[in-house]
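S.K.: Dropping a structure here in C-alpha cells format, bear with me for questions.
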Amino acid sequence: MQHTKPLRALLLFSGLTAMAIGASILFAPTQFHASYGITLGPDANLLSEVRAPGGALLVLGAMMLAGVFVKSFAFASTAIATAVYLAYGFARLFSIASDGLPGPGLLAATAFELIVGGMCALALLRCAGASRAASAPDRAGRAA
C-alpha cells in the first residue's frame with residue numbers, strides 16, 4: 001500500500017477521532033451519552049456495558065493511528081478503520097430500520113461514520129487495484 005499524504009491524513013483523522021470518542025465513552029460515559037440526549041443511571045452493569053466498547057474503540061483508534069507512522073502497518077490500519085466505521089454506520093442503519101429514527105446527533109453520527117468508512121474503503125480498493133496492476137506483468141511473464 002502506498003503511504004501517501006492523503007492516506008496518512010485519512011488514518012490520522014480516523015484514528016484520532018476514534019480515540020477521542022473511545023476515551024470519552026470509557027472515561028466519561030454519562031457525559032458523552034448525555035450529549036446525545038441519552039441518560040445513563042448509576043447502574044454498574046449498564047456502565048460496564050457502555051464503557052467496554054469505548055475501550056475497544058480507543059485501542060482500535062490507536063491501531064488506525066499506527067498506520068500513519070509505520071508504513072508496513074498502513075494496510076492493516078486502513079482495513080481496521082474501514083471495518084470500525086462501516087460497522088458502526090451500518091449497525092445504526094439497521095437500528096433505524098428496526099427501531100425508528102434517533103435524534104439529530106445520532107443521525108449525524110451515522111452519516112459521519114458511513115462517509116469516513118466509505119473513504120477508507122475506497123483507499124483499500126485503490127490499494128487492491130494498485131497491487132493487481134503491479135503484479136500483472138509478473139503473471140503475464142510467467143504465462144509466456
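The values are calculated or read from the model by the stated rules, or taken from the named source; none is laboratory data. Predicted model, so just to flag it, every value in this text is computed and none were measured. Counting neighbours? That spans all protein chains shown, and the Cβs are built from the backbone with ideal geometry, glycine included.
S.K.: So, in segment 57-78, how many residues would count as being within 14 Å of the chain's Cα centre (by Cα) and closer than 14 Å to LEU16 by Cα?
M.R.: The number of residues fulfilling the criteria is 13.
S.K.: Further, regarding this structure: For LEU93, all conditions in the list (1) of a type outside the set (S, T, N, Q); (2) closer than 18 Å to ALA123 by Cβ; (3) touching a helix residue (DSSP H, G or I) at 6+ places or on another chain (Cβ under 9 Å) hold save one; what is the number of the exception?
M.R.: The single condition LEU93 does not satisfy is (2).
S.K.: For segment 1-48, give me the residue count where each residue is closer than 19 Å to GLY103 by Cβ and in a helix (DSSP H, G or I).
M.R.: Of the residues in segment 1-48, 9 are closer than 19 Å to GLY103 by Cβ and in a helix (DSSP H, G or I).
S.K.: Pick out the one residue from LEU106, LEU101, LEU122, LEU86 that is at pLDDT 95 or above and touching a Gly at 6+ places or on another chain (Cβ under 6 Å).
M.R.: LEU86
S.K.: Which members of segment 60-100 meet the condition of being more than 17 Å from VAL116 (Cα to Cα) and either free of Cβ contacts under 8 Å to residues at least 24 places away in the same chain or surrounded by 13 or more Cβ atoms within 10 Å (Cβ to Cβ) (or both)?
M.R.: ALA66, PHE69, VAL70, SER72, PHE73, PHE94, SER95, ILE96, ALA97, SER98, ASP99, GLY100
S.K.: I've got another one for you. Can you say whether VAL50 is modelled with pLDDT of 95 or more and either aromatic (Phe, Trp, Tyr) or farther than 30 Å from LEU125 by Cβ (or both), as far as the supplied structure shows?
M.R.: yes
S.K.: I would also like to ask the following. Given (1) part of a helix (DSSP H, G or I); (2) more than 18 Å from LYS5 (Cα to Cα), where does PHE73 come up short, assuming only one miss?
M.R.: Result: PHE73 passes all but (2).
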